[in-house]
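Trainee: My questions will all concern the structure given below.
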Amino acid sequence: MNTPRTLRLNAESEASRLPPLLVRAEHLAGTVLLGEHGRRRAGMGDDFWQYRPVQLGDSRRMIDWRRSARSDNEFVREREWQVAQSVMLWVDASASMRFTSNTSHPEKSDRARLIALAASILLIKGGERVGVTGTDLPPRRGRAQVLRLAEHFSHNADVEYGVPEARAMLPHARALFISDFMGDIDAVEQALTKAADRGVRGALMQVLDPAEESFPFHGRTIFESAGKTLRYETLKANDLRDKYLEKLAARKDALRHLCSVTGWQFTTHHTDASAQTALLWLHRALEQSA
Amino acid sequence: MIGALGFTAPWLLLGLIALPILWVLLRAVPPAPIRRIFPSVTLLLGLKDDEQVSDRTPWWLLLLRMLALAALIIGLAGPVLNPRSDEIGRGPLLIAIDASWASAPDWPTRIDMMDRVLRDTARAGRTAAILNLSAPEQVTFQSATEVQSTLAGLNPSAWEPSHSAQSIEPLLSDDAFDTVWLSDEIARDTRNDIVGLFTSKGALRVLNAPSTPIALAPARFESGVTILEARRATNGPAQTVQAEVHGKDPAGAPRILARADIVFENSAKTAIAEVSLPAELRARITHFALAGVRSAGAVTLSDDSLRRREVALIAGREDREGLELLSPLHYLRQALQPNAELLEGSLLDILPAAPDVVILADVATIAPAEKAALTDWVEEGGLLVRFAGSRLAGSDVSRSSEDMLMPVRLRAGGRTVGGAMSWGTPKALAPFTEDSPFFGLPLAGDVDVSSQVMAQPDPTLAARVIASLSDGTPLVTRKPLGEGQIVLFHVTANAEWSSLPLSGLFVSMLDRLAISSLAGDQQASGLEGTTWKPIRVVNGFGRIADADTLPGVAGERLFDDPLGPDLQPGLYEGKARQIARNLISAETVLNVASWPVGTDIRQMQTRPETPFGGILLSLALALLMIDIVASLAMSGRLRGAIVGIGALLLLNFPADAQQDAFALAASSELVLGHVITRNADVDRVAEAGLFGLSQTLFFHTSIEPADPVGIDLETDELAFFPLLYWPITPDQPAPSANAYSKLNAYLRSGGMILFDTRDADIARFGAASPNGRKLQSLAAPLDIPPLEPLPADHVLTRTFYLLQDFPGRHTARDVWLEAAPKNAERVEGMPFRNLNDGVSPVVIGGNDWAAAWAMDARGSSMFPIGRGFAGERQRELAYRFGVNLVMHVLTGNYKSDQVHVPALLDRLGQ
């Protein structure tokens, strides 16, 4: 499940089910790389946009002689300005993600990486540049980037809970954070506000195991974190259920609030649900945030 | 030892003291937690449990564990119910046992008791021996286990242990030994002496049985009822025993003929019951027994006294045809029929059958040979009864000198009184004298005698008269001859001379004369010098067995000698009669044994010693199992365990579900099937072919099949498929015997198999091709009728399309199917023969139809057939053959019946 090849194979099969995800560019702001998204204005690109009369300052080379020959004025052929968007991914690789309560559904990290890579493939097919936050893998386009991403996602981190990486974010890029967000919520807040400061908007996807949602435990239990650094002992786990669910809801509320403040999208995905729904949601979320 | 409870290791019970300490210890230890990896633990941090109760083990779980532990400790301490009492003595141990009939009812208890005593003896390393007082033998002390193995061969005897101390003493060793005496509690004279003998050798303990012996005395017959008397040794409380009368039913099978309750009054030692049985039944009785008592004492055999006697009737004149009431034998027959076996015939024929009684009714002269035989027979104990009559009166028999076979001399002519031509009135009977066998019979007032033969006055006459008339003339006379006797009735046996045969007295007189039954006076006298052969003997348990090889017994010993191994109770047969020697005689009195003062007497321990430590240990185990479940429940792990067990149980279901799904798929719509050959290409083509045929049927006919199914002959049910397509490959595995039986059942119940060798060759019936040979070997175990090439008028040629050719990928002409019956003939004017009724179970061909039919999912054909348009035509014909075939399977000979339509129309006059 974790080798780059199988991960990519699964991701490709997920990605093949959706039409190419086209992220609309809204702002140009700095990233002037040509892409297939028409910016609905004249600029550099391949596709025809409009003819306009020659203005002062236009060089003779810019005149479209074929069009100009049909009238008395000279015209310049303008092309649509096409840009490519940069999408920055952060997928939590920490120990807490490597958990599943049941062999019938995958680990949280597997699901998170699958969704992330599927989204990247869609984006890359749409001509976007996809990279990873931080300095490891800057946004690039092309099939080779998919391989690099897959390779990057196959690494596990040793830390107990992941902290969103908000460094080296391109201004006005898109971002996608996938994690269980069970770690320190302040770090998430910092990362999001930092991203918002740079005009980066995106989506936050919380991946949870069904057991974490339903808390189906009974009797005397010692709960340990995946790295075994944290532990909590209860004598009646079933009595704890309501309290736990309250706290989980509070955590989700906090994340949702954070997102709405910073203009991000938020969702919770469970590993027993279909990855397709998560990808569809991402599709729509990235469209809206664009 | 506490009452009936003892412990083998009582010190272990001290462990119970530790229980309270354990209680405290266990209370402090909470149930072990489960460790779970749970990333969301961060959310839990800071939460608190509501209650702290579960910190400690709940009291009921503690109690459970305490109980388990207590059961364990007590179980290990070796508790024993009814522990054995102590042993006796230290030296060799002699077990004396009465082993009489009185021991038989609780014999297993005695054997158990001895077994237990011997086991203890063996454990103590002592030697032992058994002395059977009913059949004493030389006593040798052996190891107790050795003796134990002989117990199985020990059986109670059917007689009393009558050996005296003097006769037993030589059998015992001179050394000292201790004795355990298992007594049967019946008083005997020899007992005290034997007690003295045993106590002189060592310690003596007497073990008494808990039950008192009960016995059945021989049955008596008094005034028509059978009297059964039961006796018991103690005068205990009121008691009811049931007596059974055993006998044979008319078919000769042993039956219980009657039952009677014998009720002992309180403190009565004897009790009687009266059983009234018809003479018919009484004659069939074999023995009496007390129900449910296995003992020789509870059985008493019956003998000749009850046997049905054989009476030979011989009349002087037999020629009075039609006058039944005047027949001299009529009244005798009526009187004797119920009780006796009647023999009729000539004397010489009858005598070898050894009848008990011969009755001669008005027979005057007897041929010399007959006379000699008859005399011999009477002298051996026969009873000859003669009746007078006109012949006897008119003859010279016993006239001048007394005939050997007549009790008296007769006067000539006899006399007639009270008739029309005579003086006087008919004479009545005089009362019977005391020495007459008829003494005591009530005189019937209406008996009168009008004629009689007269006895000559004689010195011996008075002694021979046993009944006389009121005027003193003899009516019945008797004389002994040898062991037998001769009786003469001086009147006729019918009502001609007297009304005696009409009265009830006649029957009673016959009875008294022991004609109808033997009122046996069984005495030893007269038995000297005779030998009696045992026929059946009773063993100690009261079971009656054939006395196969037992030697005969001298007659003088038969009644008086004490019973023993050489005179066993049973049924003995002499020359002419059977005598029963029963264990309990009429005089036997049962009493309880009285032991000398100071004898160590104990009750036999009937309840066996039962160690129940095992039960307690398993109880402890069960409690611990409950504890496991309870602990799991406490720590929240029970759910997982239940789910696991449930999953294990569920694993069994899928196979059934799969079969159900197959049955549903195959039977909810019409489905064509093909046999899976394990050759992937062939199977694929077969499936595609049937798919193509199904499609064709769907579009062209009203048959709308679902997608075809591949059938595994070994596992799948065939009954859902009207048609099986079976392509032959040379290497396909032959079906198992089970599959063949399924196939045969399928063929017999109307299924059809289309065999396709796919090589266009089978039509020539050449086994040359590998497919042909394979087909022959595959089809050999199948129940296939005689075959013939498809005739031109077969119904298959017209079930839907009119066809004469049946091409597939090949165009071989011949297709084989079930031959038409021999007598099928073409009727004048009919286009077709009236062929066989059903569907041909097989169709065999080699045209590779599946390839021609094969159609892929888009409906285009998969294989090219022939060339150009002719090829397409060939494919079309192949489809038509398929349609005809399925039609034939589904409609049978429906199209065949159409040939009758012209004839029907003709008959209707249209």
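Bear in mind these aren't lab numbers, they're just calculated from the coordinates by the rules spelled out. Please read these numbers as outputs of a predicted model, since none were measured by experiment. Please note: Cβ atoms are built from the backbone with ideal geometry, for glycine as well, and neighbour counts cover all protein chains shown.
Trainee: Would you mind getting me the FRET efficiency between B:Ser276 and B:Thr549? Use the beta-carbon distance for r and R0 = 35 Å, nearest 0.05.
Mentor: On the way: r = 40 Å, r/R0 = 1.13.
For R0 = 35 Å, the calculated efficiency reads 0.30.
Trainee: Next question, about the same structure. Other chains' Cβ within 10 Å of A:244-254 residues: what's the mean?
Mentor: The per-residue average across the peptide is 2.
Trainee: What FRET efficiency, computed as 1/(1 + (r/R0)^6) with R0 = 56 Å and r the Cβ-Cβ distance, is obtained for B:Leu19 and A:Thr277, rounded to the nearest 0.05? Before the final figure, lay out each step's value.
Mentor: Values: r = 61 Å, r/R0 = 1.09.
The pair B:Leu19/A:Thr277 has a calculated efficiency of 0.35.
Trainee: Please state the shape class of segment B:667-901: rounded when a/c is under 1.5, otherwise prolate if a/b exceeds b/c and oblate if not, all from the C-alpha gyration tensor. Provide the component values of the computation, followed by the final result.
Mentor: Working: a/c = 1.35, a/b = 1.14, b/c = 1.18.
Cα axes put segment B:667-901 in the rounded bin.
Trainee: Which lysines have a Cα lying under 22 Å from the Cα of B:Lys895, excluding residues fewer than 8 positions away in the same chain?
Mentor: Here the lysines satisfying the reach criterion relative to B:Lys895 are B:Lys822.
Trainee: Take the Cβ-Cβ distance between B:Glu556 and B:Asp115 as r, set R0 to 30 Å, and report the resulting FRET efficiency rounded to the nearest 0.05.
Mentor: Values: r = 43 Å, r/R0 = 1.43.
Working from the Cβ atoms, E equals 0.10.
Trainee: With the cut-off at 29 Å, tell me which of the pairs A:Lys108/A:Lys243; A:Lys108/A:Lys194; A:Lys125/A:Lys228; A:Lys194/B:Lys48 have Cα atoms farther apart than that.
Mentor: Numbers: A:Lys108/A:Lys243 23 Å; A:Lys108/A:Lys194 26 Å; A:Lys125/A:Lys228 41 Å; A:Lys194/B:Lys48 36 Å.
From the list (A:Lys108/A:Lys243; A:Lys108/A:Lys194; A:Lys125/A:Lys228; A:Lys194/B:Lys48), the Cα-Cα distance tops 29 Å for A:Lys125/A:Lys228; A:Lys194/B:Lys48.
Trainee: Modelling each spin label as a point 7 Å along the Cα-to-Cβ direction, I'd like the B:Ala187/B:Arg90 distance in nm, to one decimal.
Mentor: Here the answer is 4.0 nm between the modelled labels.
Trainee: Let me ask something else about it. Classify chain B: rounded, prolate or oblate, from the alpha-carbon gyration tensor (a ≥ b ≥ c, eigenvalue square roots; a/c under 1.5 rounded; otherwise prolate if a/b is larger than b/c)?
Mentor: Oblate is the answer for chain B, as a/c is 1.5 or above yet b/c matches or exceeds a/b.
Trainee: Which peptide among B:191-202, B:681-692 comes first, and what is the full order, when sorted by highest mean count of other Cβ atoms within 10 Å? Walk me through the numbers before you get to the answer.
Mentor: On the way: B:191-202: 17.9, B:681-692: 21.9.
Ranked from most to least packed, the peptides come out as B:681-692, B:191-202.
Trainee: Per residue of A:230-238, how many C-beta atoms from partner chains lie within 10 Å of its own C-beta, taken as a mean?
Mentor: On the way: counts 6, 5, 8, 4, 6, 12, 7, 8, 1.
Mean shielding count: 6.
Trainee: Separate question: State the extension gain, in nm to one decimal, for the chain segment bounded by B:Leu26 and B:His700, taking 0.36 nm per residue of separation less the distance between their alpha-carbons.
Mentor: Values: separation 674, 0.36 × 674 = 242.64 nm, distance 8.36 nm.
Taking 0.36 nm per residue and subtracting the Cα distance, the gain is 234.3 nm.
Trainee: Segment A:172-249 to segment B:98-136: how many Å between their Cα centroids?
Mentor: Cα centres, segment A:172-249 to segment B:98-136: 85 Å.
Trainee: Let me ask something else about it. At 7 Å along Cα-to-Cβ for each site, give me the label-to-label distance between B:Ser401 and A:Arg52 in nm.
Mentor: 18.5
Trainee: Which Rg and Dmax, in Å, describe the Cα atoms of the protein assembly as shown?
Mentor: 59.0, 196
Trainee: Against the longest principal axis of chain B, how steep is helix B:638-650, in degrees 0 to 90 to the nearest 10, with axes from Cα atoms?
Mentor: Helix B:638-650 sits roughly 90 degrees off the main axis of chain B.
Trainee: I'd like to compare A:131-138, B:670-677: which one has the highest average count of other Cβ atoms within 10 Å, and what's the full order after that?
Mentor: B:670-677, A:131-138
Trainee: Considering only DSSP beta bridges whose two residues both sit in the protein assembly as shown, what percent are antiparallel, to the nearest 5?
Mentor: Details: 90 of 168 bridges.
Percentage antiparallel, nearest 5: 55.
Trainee: How many angstrom lie between the Cα centre of segment B:137-195 and the Cα centre of segment B:532-548?
Mentor: 25
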